[in-house]
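Report on the following structure.
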Amino acid sequence: MEPRSHSFYRNSEKSLADTTLQAALSRTTGKFVYARAASVDAYPGFEDVRSEGARIKKETLDALDRHLARFLEEAEKRGAVVHVARDAAEARRIAADIARQEGVTLAVKSKSMVAEEVDLNPALEAAGVEVVESDLGEFIIQLAGEPPSHIIAPAVHKSREQISKLFEQKLSEPYTEEIPELVRMARKHLRAKFLAAGMGISGANFLCADTGSVVLVTNEGNGRMGTILPRVHLAVAGIEKVIPRLADLPIFLRLLPRSATGQAISTYVSILTGTKRQGDPEGPEKLHLLLVDNGRSGILQGKYREILKCIRCGACLNICPVYQSVGGHAYGWVYSGPIGAVLTPLLTGLPEGAPLPNASTLCGACAEVCPVKIPLPKLFLELRADERDQGLKNPAEVFGMKGYAAVMSRAGILEAMERILGVLSRLFFKEGRVTWLPLKLSGWTGKRDFPAPAPVPFRKLWKKHRGIRPWNR
Ligand code: SF4
């Protein structure tokens, strides 16, 4: 997918004007936020598990090369073929070569953000492979020809009516708004594909270094069917998905579903270790593991390395007031919300992703819900500073912020400015509220108004009543 993050502001305008999107977003993100809070409240040990998860991720990143080498060795011992791609182009080439060598013409794919990141599907299609998305949300957006708009709920932006129409047009199914009926239709179309596919493609939630296992955490049976029915399984994962030990997994299984959907445990947890052995009733004869770097080892060396702790739960998206308002497509690339606001500029370059770290109110909600304690607001500020240092900020904004800093650090000037602005703002009062401001300042009042300044400024009141407590006046 070609990045369009530089158009974030334009994309956001479109999203804000889309009433169907607004309804779909508030319904789904609200549901996720509520479910997460309820499930965390119901689990008193959550904070301890969160600290342990953050500690294990740090331990992993501190010796990522060692853990990856161990994973590679253990996976190969159990029959897997491990490939390492330095960048997206290499990942595409390796995947297409695997498909050609294995004689695959049909592949069923479960959800994988890194496969989206490297644009896997077009490369496979160019190699003569029909790729069918089998996760329900991904199946819907593949029919619609759209990219995902959420890490765990790719079709979050679609209403049930839109999906019904889509199935009517693309699958020749009768129009219905009954969700179980829509699911049945998708299942009917996918079942035949699962049975005929020569290759199953999956992502990986975790890679266990000491056993060479690929772990999938899902709520749909498609992950299992796609990884054990076809003769070949190709698992694609970013190199940061490795964890040192299988014994660490329960910590993340407590964190991930609670943070993502508010579930105590997801419907399916699959631990896939090696190829089918003699006597096994099912499993792939060939297992290819494609580990993707694509800029991650560079991130690991720098000040943004903590972003590699991410377990892609989507909690930061659901809680973010910016994501809640504009949805995932406005971010212009694969990753959206607060995680996307950091990862996109790091993976696609700051000139492309520069608007995204500014798409935050710095309220801190994302860091509060992050199950592995990534300090997202701190990373936004670092990226904003980099943006300024690289000359990517609008000069008017830099000048304005310098002026703001100069005023805020001098009490006398601040007081004088407050007086002047207090008098000027009276020009824009309407029933005790400021509803309109001229020129660029109209950005503040375009979507909301705010209370008019108090008739007597706080500083004046403070001087008058300093030291006087209300109860001894
Ligand atoms: S940054 Fe944290 S909250 Fe956001 S997706 Fe990653 S793990 Fe989840």
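The table below gives the values:
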{"quantity": "Inter-label distance for Asp48 and Glu282, nm, one decimal - labels placed 7 Å from Cα along Cα-to-Cβ", "calculated": "3.7"}
{"quantity": "Cα-based shape type of the range 43-297, given that a ≥ b ≥ c are square roots of the gyration tensor eigenvalues and the cut on a/c is 1.5", "calculated": "oblate"}
{"quantity": "Cα-centred dipole magnitude for the chain, charges only on beta-carbon of K, R (+1) and D, E (-1), debye, nearest 20", "calculated": "2220"}
{"quantity": "Gained length - Ala126 relative to Trp436, 0.36 nm times residue gap less alpha-carbon distance", "calculated": "106.2 nm"}
{"quantity": "Cβ-derived FRET efficiency at R0 25 Å, Tyr9 paired with Leu424, nearest 0.05", "calculated": "0.35"}
{"quantity": "Gain on full stretching of the segment that runs from Ile265 to Ala69 - 0.36 nm per residue minus C-alpha separation", "calculated": "67.6 nm"}
{"quantity": "Length gained when the stretch Leu392-Val84 is fully extended (0.36 nm per residue, less Cα-Cα span)", "calculated": "107.5 nm"}
{"quantity": "Point-to-point label distance, Glu76-Arg466, nm (Cα→Cβ direction, 7 Å offset)", "calculated": "7.4"}
{"quantity": "Karplus (6.51, -1.76, 1.60) ³J(HN,Hα), θ = phi - 60°, over the range 356-362, in Hz, Gly and Pro reported as x", "calculated": "5, x, 8, 7, 8, 8, 6"}
{"quantity": "Distance in nm between pseudo-label sites at Thr176 and Leu381 (7 Å out along the Cβ direction from Cα)", "calculated": "5.4"}
{"quantity": "Förster-model FRET efficiency, 30 Å R0, Glu146 and Arg27, C-beta, rounded to 0.05", "calculated": "0.95"}
{"quantity": "Estimated translational D of the range 213-275 in µm²/s (Stokes, Kirkwood radius over Cα pairs; 25 °C; 0.890 mPa s)", "calculated": "191"}
{"quantity": "Estimated D of the chain in µm² per second, where Rh is the Kirkwood radius over Cα pairs and Stokes-Einstein applies at 25 °C, 0.890 mPa s", "calculated": "100"}
{"quantity": "Share antiparallel - DSSP beta bridges, the chain, percent rounded to 5", "calculated": "30"}
{"quantity": "R0 of 45 Å, Cβ-Cβ distance Lys188-Phe458: FRET efficiency to nearest 0.05", "calculated": "0.10"}
{"quantity": "Net charge dipole size for the range 408-467 [Lys, Arg +1 and Asp, Glu -1 on Cβ; Debye, nearest 20]", "calculated": "180"}
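Taken together, the values in this text are just the output of simple stated rules run on the coordinates, not laboratory data. Not measured: the values here are computed from a predicted model. Virtual Cβ from ideal backbone geometry, glycine too; neighbours counted across all protein chains shown.
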